[in-house]
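To start, the structure under review is shown below, and the notes come after it.
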Amino acid sequence: MFSCWTRRQKANMSKAKATQPQVIHKVIMVGSGGVGKSALTLQFMYDEFVEDYEPTKADSYRKKVVLDGEEVQIDILDTAGQEDYAAIRDNYFRSGEGFLCVFSITEQESFQATADFREQILRVKNDDNIPFLLVGNKADLEEKRQVTVDEAQQRAQQWSVPYVETSAKTRANVDKVFYDLMREIRSRKMEATRQSNGKPKKKKEKRRKCTLL
Amino acid sequence: MKKGGAAPLVTGVSPKEGPPGTRITIRGENLGCDIKDFIGLKICGVDCILSAEWKSPSKIIARSGPGKGKGDVIVITRTGGVGSCTVGFKGYFVQIGPLQDSAIWIDESQTVSIRHGRTQSPIFSKEDEDPLGISDEGNQAKFKEEELLEMFPDASGNMALQNFSPAWYLLENHHDTSFEDMKAGLAYMKRRATQRSEGPIAFVKSNLSSTLDCMESLDALHQQYCADDLRGDSVNQYAVLLMQAKSCADGLFKEVLGRKDKADSTRNALSVLQRFKFLFYLPLNIKRNIEKGDYNLVINDYVRARSLFAETQVQVFKKVYNEVERNIGEFREMLQQKLMELPNPLDEQKKLIRYLLSLECEGDPAWECLVNMQQWLTGILCTCKEDHIKEEQMSQTESEASMLKSPVSHMSIDTPKGKRRETNTSFKSTLSPDQSGWKFNTPQKILFIEELTDIMLENFPSFWKLGQAYFSGSLFVNVKENSERPQKTDSSKHSKFKQMVTDVISLFSNLVRAAFLPKSLENTPEENRKEFGIWRDNKQEIPGAWLPSGVRYVRNCVSSLSLLDLPGDCPTLIQDLALDMRTDCMVTLLKQAISDVKQLHLKETWAVETDDESGGTTQLPALFENIVNETIQHLHEVVVQNKVGEPEIFSQRTVQKDATVLCTQLLQAFAPCIHSLAFNPPFHSPEKSNSLPILTAEGKGTLGKDKVPVTDKRLIIMLSNCNHTMVRVIPRLVENLNKHGYVEMNKALRAAQDTYEDLDDSLFEAYVEEKSNPIVGAIEQNMYKGGFSWKTCGKPSGVRNYLKQVIMHMIEVHAEVFAVSPVFVTRVTQKVIEQVSEEFTRVIQCVTDHGKYGPVQARLELMALQETVSLYLTPHASKCFKEALGDLPEVKTEDRKLSEELLNKFKSQMKFQMMCFYGDSILRNSSEA
């Protein structure tokens, strides 16, 4: 009897697991070339630090993680930082649910470029509150720092997004930025479901108004 | 679960899309525990295992195949089976234009045909369809074209047209878009505009085909015009314009073309470098290979380079080739130096010579090497000799110094015998332990011969073989090139080489002769002899025990040299040397043995050992036999026994004769020894101290004297020794000699036996004389003791005491002989009895006047004596007795009775004494039976 029950239980459980629609959070890495987007991603995904630099075109990663007790999947799109690929970015951005905007604290230009990226994201997503984290990478290279914590904080406040300093080399704050972003995405999704349940046609109406222009 | 058992899972691809052949980094879990475990990879359904490179269980690098569209990346492992993936790869085909950036290499020859690729490309690129960068999704309800035409007459929504109206466009495409979006779109368009505003080049680039089309049409127009307008005036204007347009167009592409030219020339240069990489690396490679010792490679490279570049006119090649030549020159010198370095294994030398030949070295390296080697060989042979002579002189002065220090050891060194020397030095070793040491060392000459033969054996064969190889031509690598040379060398150098070989061999043989057989060099000039070394001319310097080892070295050397098939009289030269050495050794050893034997009397200990076979002997005969046998054995091993190719030592008449004479002398040498021991023994013999080394000088004299027995005893012992030697030892030795190949030994046997028979006779006579004289001399005297007279004597009452005394004396002799050697008992006793009976007869016959009882008494005593010794009576003795009895006057019957009674009485009284003779005879009879 007991064993029979257990088996059924198990079957139920595995069935439940399999059938349960897996939540996927789509994260997009953005930022100038060479700031460490891929390094952060690989550190997060595989706990490895890649020393040699190879410009990314567009890499895709997905794995299961446990977010606050709930099993979800994180899908990471690691994009190209180089300007050469700027044209194809828009397409990628559209699918993103949350963005890690990365710059290198040792390179002022990369910090300046974050403004352009944010602008592009906001334009493509058409959403000021899109989950977004400003990430200052290469925090281990303190002696080469060019971007002060203050100015980065200031910009983050201006955008009302969190600012986190990470190091893909030492793995400092790596998990934190991804999990924080996923939490943001989750809360946004939950909010969206509530909204769509409550006022389903609101947005469309709003849009219709626009046509009057 | 086992780690390797889990199914592979791909969780990352980099990049996630690309045309076929894109290099993809695949990451994930359980991608195989090792490279063998990883057995399959599918990207978009295409098997890509061939291009895959397994890096780690979490990383694989592969190239995408011709899969199109989005698909899975599946890894298959042996342990985990077919895996799954959370990410996919998107394959697409791109037609990449000649001026477009591409991340991968495009084979343009296939895809870009001059005409087609261009015409296809649109005037505006794809992204221009959506200049604002805002998606038009959600704008389903479009305005109808009629409506728009109504609103904007004379206008159009097509951006390519001149009457383009932005309002029309916006209404047509973005009537549903918010104002913010519109603003963003504007910003996007502005940014794009700045990007595009690189100037006309960008525009021409993107509209290349159109531009070319224009040019071609214009050109065609021009042609047509020229054809139509014969005057050509109107055309000129256009022609000028066309030319301008053309030069303008050329100018636009100048940069590109320039780059292409540069790339071409770089590529050319690279390919030249690649093609002649070999040459440019050659100097370095040569050095490296020389360091590594890979000479063959160097030579091959060089030959190849020479054939390719020796005649080159190209400046760069010339420069590099010169460097190569320089390197090779150094290499050549190095090889030559190496070749001249000796000693060097034969193979190495051959190799070096071949290298040098293939490097086309000037001169004749092989011949130079041969000459060098011969000089070197001569040099070391001479040096060896010099060293050893010096060494010997040094040790000699040292020994002289030590002699001066201790006169005792000086004396001991003067004595030529090795054994004696050893004895004395050991005896005195407490005084000078350091100086005494050198005498035990191997003699210098033996060390010399050992080293000399070693040198010959080590180096000469390779010298000879190298020469052989040289003349047989096997040293020449390239026969074609050098075909004239070996023939040339053959005729001029063959005899020279022969001379060289002979020189070395004769030097060797002369060096050996100078050391061991100085006499054989006597007819060479003085200055030459000096060259071969003057050794201290003292034969005794080499103890006999060492000589055979010297001979063995020479023979070994000679026999291995003989195998070399040397030219001319070389074989004879060395064979003669060996034979002479052997003969010399044999003569020396035999002489040594003879002198050893002659010294044997000093070793007599007088301890008689008796055994049934040979009677009583001392150890001397055994020692003698030992010495001879050892000598024979020694000689057999090193001298007599023949090796392959050596002449029989006894085949030469002189040697044979010498050997026979020496052997005979050796066999006879023991006789004087025995003789001197028997007749004048050395009283103060050092052997006493030798056998009892602990007792020092004080005990020496007394003990030595005590040990030597009195003359008669000595005589009988020596007699026994002599007999034993003659009967047993000599035949045995002769047999042994015969067995070892010595010839005419019967002669030697006869001579030896004669010698020992003579000795035996003289010893026997001396002994018997010694023994019988006292007995015989006492008979007459004692017979008439107490005024006895045959005439007046009374009735006999028994045998008188004097006779008993005679008998006792004889018993004494008998016992003495028996104690030493029972074999001699009969012989000696008979002889003694003969003499006694002779004396008796003489005395009895001298009696002229017999009284009444005189004859009775005489008869009684004669009978008693006769009865007692009856067993030892010889015919001569019996005859004597008979004569004596016959001379006596006739006795009466009652007197005869009386004498018989008295005889019986005597017999019973003397029973024990008589038994001495009988018992012995019984014993002897039984032993003989």
Residues of region B:840-869 classified as under 22 Å from B:Ala778 (Cβ atoms) and touching a residue at least 40 places away in the same chain (Cβ under 8 Å), total: 18
Filtered residues of region A:44-68 (kept if more than 12 Å from chain B (Cβ to nearest Cβ) and either of a type in the set (Ser, Thr, Tyr) or in contact (Cβ under 8 Å) with a residue 12 or more places away in the chain (or both)): A:Phe49, A:Tyr53, A:Leu67, A:Asp68
Tally of residues being within 14 Å of another protein chain (Cβ to nearest Cβ) and under 15 Å from the mean Cα position of the chain (by Cα) across region A:97-115: 0
Filtered residues of region B:296-317 (kept if open to solvent by 20 Å² or more (accessible area, probe 1.4 Å) and part of a helix (DSSP H, G or I)): B:Asn296, B:Leu297, B:Asn300, B:Asp301, B:Val303, B:Arg304, B:Arg306, B:Ser307, B:Leu308, B:Gln315, B:Val316, B:Phe317
Count - residues of region B:842-865 that are surrounded by fewer than 21 Cβ atoms within 10 Å (Cβ to Cβ) and either of a type outside the set (Ser, Thr, Tyr) or assigned to a helix (DSSP H, G or I) (or both): 10
Subset of region A:28-68 [outside any strand (DSSP E or B), open to solvent by 20 Å² or more (accessible area, probe 1.4 Å) and either of a type in the set (Phe, Trp, Tyr) or over 21 Å from A:Gly136 (Cα atoms) (or both)]: A:Tyr46, A:Phe49, A:Tyr53, A:Lys57, A:Asp68
Number of the exception - A:Gln157 against (1) surrounded by fewer than 22 Cβ atoms within 10 Å (Cβ to Cβ); (2) closer than 19 Å to A:Thr56 by Cα: (2)
Evaluation of B:Ser520 against (1) more than 28 Å from the chain's Cα centre (by Cα); (2) farther than 22 Å from B:Leu623 by Cα; (3) at pLDDT 75 or above; (4) surrounded by 15 or more Cβ atoms within 10 Å (Cβ to Cβ) (one fails), failing number: (3)
Filter result for B:Arg267 (outside any helix (DSSP H, G or I) and either modelled with pLDDT of 80 or more or more than 14 Å from chain A (Cβ to nearest Cβ) (or both)): no
Answer residue from region B:5-49, given it is away from chain A (no Cβ under 14 Å), surrounded by 18 or more Cβ atoms within 10 Å (Cβ to Cβ) and small (Gly, Ala, Ser) and is nearest to B:Ile60 (Cα to Cα) among those: B:Gly32
Lone unmet requirement of (1) out of contact with any helix residue (DSSP H, G or I) (no Cβ under 9 Å at 6 or more places or on another chain); (2) within 30 Å of B:Asn327 (Cβ to Cβ) for B:Asn296: (1)
Enumeration of residues in region B:61-83 that are of a type outside the set (Val, Ile, Thr) and either within 14 Å of chain A (Cβ to nearest Cβ) or buried (at least 18 other Cβ atoms within 10 Å of the Cβ) (or both): B:Ala62, B:Ser64, B:Gly65, B:Gly67, B:Lys70, B:Gly71, B:Asp72, B:Gly80, B:Gly83
Scope region A:69-93; condition assigned to a helix (DSSP H, G or I), facing chain B (nearest Cβ under 8 Å) and either open to solvent by 70 Å² or more (accessible area, probe 1.4 Å) or touching a Ser or Thr at 6+ places or on another chain (Cβ under 7 Å) (or both); matching residues: A:Asp84
Scan of region B:799-834 for residues that are over 28 Å from B:Gln619 (Cα atoms) and open to solvent by 60 Å² or more (accessible area, probe 1.4 Å), ordered by number: B:Asn801, B:Gln805, B:Met808, B:His809
Residue count, region A:116-156 (criterion: farther than 25 Å from A:Glu191 by Cβ and within 13 Å of chain B (Cβ to nearest Cβ)): 1
Residues (among the hydrophobic types (A, V, I, L, M, F, W, C) and surrounded by 15 or more Cβ atoms within 10 Å (Cβ to Cβ)) located in region A:109-140: A:Phe111, A:Ala113, A:Phe117, A:Ile121, A:Leu122, A:Val124, A:Ile130, A:Phe132, A:Leu133, A:Leu134, A:Val135, A:Ala139
Which numbered condition B:Ser58 misses (of (1) free of Cβ contacts under 8 Å to residues at least 12 places away in the same chain; (2) facing another protein chain (nearest Cβ under 9 Å)): (1)
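The values are calculated or read from the model by the stated rules, or taken from the named source; none is laboratory data. Since the structure is predicted, the reported quantities are computational estimates derived from the model, not experimental observations. Every residue, glycine as well, gets a Cβ built from its backbone with ideal geometry; the counts of neighbours run over all protein chains shown. We work out accessible area using only protein heavy atoms, side chains counted, and drop any ligands, DNA or RNA first. Shrake-Rupley method; radii C 1.70, N 1.55, O 1.52, S 1.80 Å.
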